[in-house]
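Trainee: One structure coming up, written as structure tokens, with questions to follow.
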Amino acid sequence: MAAKMSFLSSEEIRDAAVEAIDSLKGKEVVVLDVRDRTGMTDYMIIASGTSNRHVKSMADNVVMELKKRGELPLGVEGETAGDWILVDLGGVIVHVQMPETRAFYDLEKLWGSAPSGNAE
């Protein structure tokens with residue numbers, strides 16, 4: 001299988017994903033810069049939804065907006081359950097979660113990184 005060709009920088013993908021989440025009123029959107037902690041991605045975006053449908057809608061919107069820009073996700077996980085959907089965009093991994101799931105896994109603490117920016 002050939003490697004994915006990316007035309008956007010990780011920063012451009014990050015910004016487009018945050019914009020897609022914000023456009024559907026994602027809650028408590030946090031961007032973590034994890035470049036100094038892992039080689040698998042540059043940024044993690046974590047956002048909460050108000051319902052399983054809201055979580056799915058935000059994840060779908062991220063995929064749709066990035067596809068418009070020529071970026072295909074490497075994978076999407078968790079669509080069936082809907083309480084945590086992960087969208088792998090290579091240099092950016094998006095976690096859209098229900099608040100209870102987010103509190104339980106506490107990815108912000110796990111990755112131990114100061115947020116590189118909060119989307120407000």
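The values are calculated or read from the model by the stated rules, or taken from the named source; none is laboratory data. Everything numeric here is computed off the predicted structure, so don't read it as measured data. To get the accessible areas, we keep the full protein, side chains included, count just its heavy atoms, and leave off ligands, DNA and RNA. Shrake-Rupley method; radii C 1.70, N 1.55, O 1.52, S 1.80 Å.
Trainee: Considering only protein heavy atoms, what per residue accessible area in square angstrom results for the range 18-120 with a 1.4 angstrom probe? Spell out each step's value before the answer.
Mentor: Details: 5330 Å² over 103 residues.
For the range 18-120, the per-residue accessible area is 52 Å².
Trainee: Still on this structure, I have one more. Computing the accessible area with a 1.4 Å probe over protein heavy atoms, can you report the carbon and sulfur percentage for the range 7-63? Working shown, then result.
Mentor: Values: 1270 of 2670 Å².
Roughly 48 percent, rounded to a whole number.
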